[in-house]
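> Dropping the structure in here first, questions after.
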Amino acid sequence: MPTDATSGAAKRGKSFAHVAEASWGKGLSTLLRIVRMTLRHPWQVAITLVSTFIAATLQLFIPRLLGRAIDQAQGVMAASGGTVAEQALWHTALTLLVVSILRGLFTMAQNYYGEAVGHQTGYELRLAFYEKIQRLSFSYHDKVHTGDLITLGLLDLDGVRMFFATGILRVVLLGVLIGVGAYLLISTDLVLGLLSLSFVPFVAWRSSVTQLRLRSTWLTLQERLSVLSRVMDENLGGIRVVRAFAAQRHELKKFDRAKQAALELANERVDIRVSNTSAMNFSFLAAMGLVLWFGGQKVIAGQISVGTLAQFLTFMTILQMPVRQLGLMVNSFARASTCGTRLFELLDTELDIEDAPDARELVISEGVLRFDNVGFRYEGAGDRPTLSGISFEARPGETIGIVGPPGSGKSTIAHLIPRFYDVTSGAITIDGQDIREVTLQSLRKVVGVVQQDAFLFTTSIENNIAYGNPWARETRIGQAAEYAQLHNYIIGLPAGYTTVVGERGASLSGGQRQRLTIARSLMLRPSVLVFDDSTAAIDAGTEQRIRAAMKRFARDRVTLIISHRLSSLMHADQILFVEGGRIVERGTHEELLALGGRYRALYDLQLRPDDDRLEGAA
Ligand code: ATP
């Protein structure tokens, strides 16, 4: 049965899917950093805060005006329609209307500018996040799962973005409503005021505890959903493998397990939410009952008017919502501090591979590539070096062939030239300039690597070829395709060069994809061209034609060919046989054959007319 690739990937290294609450100190400095980011838009922030303050204050006038209106209406009825009393009622009603309209307008301004600040902060963060992802080194991506990075860029970023509207603004809104509202109630009637506020501590406590419980289950739910999306991601990515191994049942079981775990938690969250809402409603209605009871007694005793009682009840109704929202505010703080901590951790990650402070542009005079006693070890790969003592020189027009058993370090040699990773010891130079001392941009312009994995973008053939040079003329794109022996195939397609290649080039064969990636690298006209096992899916005849077509192109460049197939590299000027990260044999094809070592053995296995060997084996 296929193994559970998801858990394997998760174990490989650091994973953002493991979510932990940030420590207090760290959480606080994260929140301050978010506040500082928000303050980059001082005008919008100021308008939002002032609007929130005014809207909340106006809202507090409404119960008073309502109470007054009820008393005035009673006065009108008692005076059987006295004009002075009627005028007062009209006046109160009009004031109520104006206050409500103004409150609505300021709430609108609060929502509009609050959202605008959140979106602008989100936009800036998104840009910074994407920009950082573009510059993170390969060794970082080796450690972190892609799905976790996507979660970070979507969910965590949202947690930070919404902090202003759901956290900071609520502090102002609830502060004014609860603080000033409580003062007004108590100053009107101490006992009734305290009774009206009696539900507040319970609801505030209950709502905060519930939101924090919901939050901790949300974090676990996020982890489980992240596992679920990884299962889906791997299933879709490996759909052909799944079908070929008839592993649908295993995959369904895997998905079902992940889905079940997420569903159980989602149900648990519903239970928490429903039981909490009922408890909060009960306490609110109980407090309202008490106010009605005691308030009613006071009205009967003539101590307060009906309007004052109505004022208390309206206040309670208005206060109910913000008090419940206290929990959401606590949640917003907790969420922003966790999400922000994770997000800022990524944004603050020091780049392993970046331009040295005094980096210069790489200047190509001749184009000589040199490996000088290069050693390398992958991070977390133990003490054993992946490469050691690698030295060779390649001059323009020369081809270097690199061959060796799987895992011997051939691709690693290729990855060191454009600085996907930095050498651990020794140095790589181009025309005498250490590649660590030149800018990455200028280095990667002159080094073209045709990777083992022929990755294509979901766009036209033309755009894929011109990826490194989007302004290239059509003739140049056509010429690159001709070198790669793909031109005739492309012009035979109904849409020619504008044919869209499907997701990751799914509509092309493996060999066509590889040839397209060769054409893409040729477009850069690099001084150093590396073929990293990139002709494995191309038949020997086509490969021969590509080599012949590229003869003129390769005349003033260094070409490195990494291959398991000797026919791909036996024409090279120098062949390096790599084993266990070291060059164990070197020379031309003839010299290595004459040496009678490992290369010779490989040649005998792959190419020598083998009748006699077969007979021997029989
Ligand atoms: P193949 O012929 O199979 O492509 P190769 O000779 O190109 O193999 P490399 O890909 O260079 O071999 O790998 C050399 C060694 O480094 C292997 O043992 C491999 O497991 C290890 N290795 C490769 N990439 C990484 C990585 N990103 N992190 C840790 N170890 C790695």
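A short reminder: the numbers here are calculations on the coordinates, not readings from a lab. As the structure is a computational prediction, the values presented were derived from the model and not from experiment. Note that each Cβ is placed from the backbone with ideal geometry, even for glycine, and that neighbours are counted across all protein chains shown.
> Relative to the first principal axis of the alpha-carbon coordinates of the chain, what is the inclination of helix 510-522, with its axis defined by its Cα atoms, in degrees from 0 to 90 and to the nearest 10?
The angle comes out near 90 degrees.
> A further question follows. Under 14 Å from the Cβ of residue 39, count the other residues' Cβ atoms, weight Lys and Arg +1, Asp and Glu -1, and hand me the total.
Combined, the nearby Lys, Arg, Asp and Glu give +2.
> Here's another thing I want to ask about it. Using a 10 Å cut-off around each Cβ, can you sort 231, 446, 306 from fewest to most neighbouring Cβ atoms?
306, 231, 446
> Still on this structure, please answer the following. What whole-number distance in Å separates the alpha-carbon centres of region 377-406 and region 476-505?
Comparing the Cα centres of region 377-406 and region 476-505, I get a distance of 33 Å.
> Put +1 on the Cβ of every Lys and Arg and -1 on every Asp and Glu Cβ in the chain; which of 116, 276, 188 then has its Cα farthest towards the positive end of the dipole?
188
> Over all alpha-carbon pairs of region 30-177, lay out the pair-distance distribution in 10 Å bins, whole %, shortest bin first.
Whole-percent P(r) values from 0 Å outward: 10, 27, 20, 16, 12, 8, 4, 2, 1.
> Now a separate question. So what's the back-of-envelope 222 nm ellipticity for the chain, counting only DSSP H runs of four-plus at -39500 (n - 2.57) apiece and dividing by all residues, rounded to 500?
Value at 222 nm, helices only: -20000 deg cm²/dmol.
> To continue, here is another question. Among residues other than residue 429 whose Cβ falls under 12 Å from its Cβ, what is the net charge (Lys/Arg +1, Asp/Glu -1)?
My count for the surroundings of residue 429 gives -4.
> Sticking with this structure for a sec: With 5 Å bins from zero, work out the P(r) of region 459-577 over every alpha carbon pair and list the percent per bin.
Each 5 Å bin holds this share of Cα pairs: 2, 11, 23, 25, 20, 11, 6, 2, 0.
> Let me ask something additional. Specify the angular offset, from 0 to 90 degrees and rounded to the nearest 10, of the alpha carbon long axis of helix 24-38 from the longest principal axis of the alpha carbons in the chain.
90 degrees
> Further question on the same structure: Taking other Cβ within 10 Å of each residue's Cβ, how do 579, 361, 234 sort, fewest first?
361, 579, 234
> Could you tell me the center-to-center distance, by alpha carbons, between region 188-246 and region 349-372 in angstrom?
48 Å
> Given the options 477, 449, 512, identify the residue whose Cα lies farthest towards the positive end of the charge dipole of region 369-609 (+1 on Cβ of Lys, Arg; -1 on Cβ of Asp, Glu).
Comparing the listed Cα positions along the dipole, 477 ranks first.
> Does anything in region 363-404 have its amide N under 18 Å from the 7 Å Cα→Cβ label point of residue 591, and if so which residues?
369-373, 390-404
> Sticking with this structure for a sec: Which value in Å does the Kirkwood hydrodynamic radius of the chain take, with 1/r averaged over all unlike C-alpha pairs and then inverted?
One over the average 1/r among Cα pairs gives 30.6 Å for the chain.
> Using alpha carbon centroids, what distance separates region 418-439 and region 546-576, in Å?
First find each Cα centre; the distance between them is then 23 Å.
> Whole-Hz ³J(HN,Hα) for each residue in region 452-460, computed from phi via Karplus 6.51 cos²θ - 1.76 cosθ + 1.60 with θ = phi - 60°, x for glycine and proline: what do you get?
Calculated HN-Hα couplings, in order: 4, 8, 7, 7, 10, 8, 6, 8, 6 Hz.
> Once you keep just the Cα pairs under 8 angstrom separated by 6 or more residues, what percentage relative contact order results for the chain?
RCO, the chain: 15 percent.
> I want the antiparallel fraction of DSSP beta bridges within the chain, as a percent rounded to 5.
The answer is about 50 percent antiparallel.
> Report the number of Lys pairs in the chain whose alpha-carbons are under 19 Å apart, with separation of 8 or more residues or on distinct chains.
Summing the qualifying lysine pairs gives 5.
> If you add up the charges near residue 206, with Lys and Arg at +1 and Asp and Glu at -1, over every other residue whose beta carbon is less than 14 angstrom from its beta carbon, what do you get?
+3
> Also, I was wondering about something else. Could you give the length gained by full extension between residue 350 and residue 437, i.e. 0.36 nm per residue of separation minus their alpha carbon distance, to one decimal place?
Contour length minus the Cα-Cα distance gives 29.5 nm.
> Using only Cα atoms and rounding to the nearest 10 degrees, what angle (0 to 90) does helix 42-78 make with the longest principal axis of the chain?
Rounded to the nearest ten degrees, it is 30.
> Suppose each label sits 7 Å from its Cα in the direction of the beta carbon; what would the residue 29-residue 507 distance come out to in nanometres?
5.3 nm
> Return one quarter of the surface area of the convex hull spanned by the alpha-carbon atoms of region 369-609, equal to its mean projected area, in nm².
13.7 nm²
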